[in-house]
1. Relative contact order for the stretch 9-297: what percent, with Cα pairs under 8 Å and sequence separation of 6 or more?
2. Determine one quarter of the surface area of the Cα convex hull of the chain, which equals its mean projected area, and express it in nm² to one decimal.
3. Under 5 Å between amide hydrogens, which residues at least 5 positions from G188 or on another chain qualify, with H placed 1.01 Å from N in the peptide plane?
4. Take each uninterrupted DSSP H stretch in the chain, measure its Cα extent along the helix axis, and return the ones at 24 Å or beyond whose mean Kyte-Doolittle hydropathy is at least -1.0.
5. Rounded to the nearest whole Å³, what is the per residue volume of the convex hull around the Cα atoms of the stretch 175-286?
6. Just report the Cα centroid separation between the stretch 65-100 and the stretch 9-34, whole Å.
7. Toward the positive end of the charge dipole of the chain, about the Cα centre and with charges on Cβ (Lys, Arg +1; Asp, Glu -1), which of C167, I179, V248 goes farthest?
8. Take the solvent-accessible surface of the protein heavy atoms, probe 1.4 Å, and return the percent of it on the chain that carbon and sulfur atoms account for.
Amino acid sequence: MANQTAVTEYILLGLQEHHKLEMVLFVLCLGIYSVNVLGNSLLIVLNMLDPRLHSPMYFFLSNLSLMDICGTSSFVPLMVVNFLKTQRTISFPGCALQMYLTLALGSTECLLLAVMAYDRYVAICQPLRYPEIMRRQTCVQMAVLSWGMGFANSLLQSLLTWNVSFCGHNIINHFFCEILAVLKLACGDISLNALLIMVATVILTLAPLLLIFLSYIFILATILRVPSAAGRRKAFSTCSAHIIVVVVFYGTISFMYFKPKAKDPDLDKIIALFYGVVTPSLNPIIYSLRNAEVKAAAIALLWGDLLSRKMSHLPCCSSTLSCMAGW
């Protein structure tokens, strides 16, 4: 019996039998991916340039934006190219890397959303201790822990996946090398893989969701004790964008994995595509529409005020700007 070492490349089926639909998906995915990269890059740039955004909440938001860019970039470019080709292949190392990155970044997002919920809990429930608890060093440590746990989980799952016997099968019924689609090629015992996936789901997906839920219970209780309606609105507005992102993220996951299995397997693939491509592009839109500070920073950047203020604080540029003003 041959194992995966006999396979040098994999064939990605996608929606080969629906070529016209793939042309529509090519246009949609390319447009949405462009919005994702531009929107999340803008959030990162605004966080770097605007001093008003130098806070823990926007630090974690920048991590989330970077993760969304990396996550979609790990499979979307090759996928949209494959929409135009009749033979869709990916090398064995490319497939292994793609599966590793998509799994790692998906796990990391769950943990980052939980960390962001904790940040909002401290900001609203313990505002006087917020600078002490959410110090820069602490925020960096929580971000590194989130990334580290996500990538460590993916490494363990990937190693166990590629140690399974595949018997020379190399046709993946998906748009990209997703771990469940790869495991369907196995002809050996995958009970250990299934157990590990279940444990990882509980620890890295359900446990963060529970922490987010508990955080917002305490946040809601604190907001309801605020005497003025204006104070309640202001407190709620600081976490409304995060609530929407959590609902969208976990809502799509729940719809994917807890809905009845579709009679047409192509429908499941399109739903997975929606989750992997559309959801990351919504984060910058949601935070831009629901956050006055982000909108103000974007307007300042658009008019050039933000960049000029940043340049004026640089020693090499301050004298040049003053000379230009005098001239």
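1. 28
2. On the way: hull surface 86.5 nm².
If you wrap the Cα atoms of the chain in a convex hull and average its projections, you get 21.6 nm².
3. Correct list: S165.
4. 19-49, 56-73, 92-125, 136-162, 207-224, 229-258
5. Numbers: hull volume 14.3 nm³, N = 112.
Enclosed volume per residue, from the Cα hull, is 128 Å³.
6. 12
7. Working it through, the farthest residue towards the positive pole turns out to be V248.
8. Working: 12350 of 17170 Å².
Result for the chain: 72 percent of the exposed heavy-atom area is carbon or sulfur.
The values are calculated or read from the model by the stated rules, or taken from the named source; none is laboratory data. Remember, it's a predicted structure, so these values are computed and weren't measured experimentally. Cβ: placed from backbone, ideal geometry, glycine included. Neighbour counts: every protein chain shown. Just the protein is used for accessible areas: all its heavy atoms, side chains included, with ligands, DNA and RNA removed. Shrake-Rupley method; radii C 1.70, N 1.55, O 1.52, S 1.80 Å.
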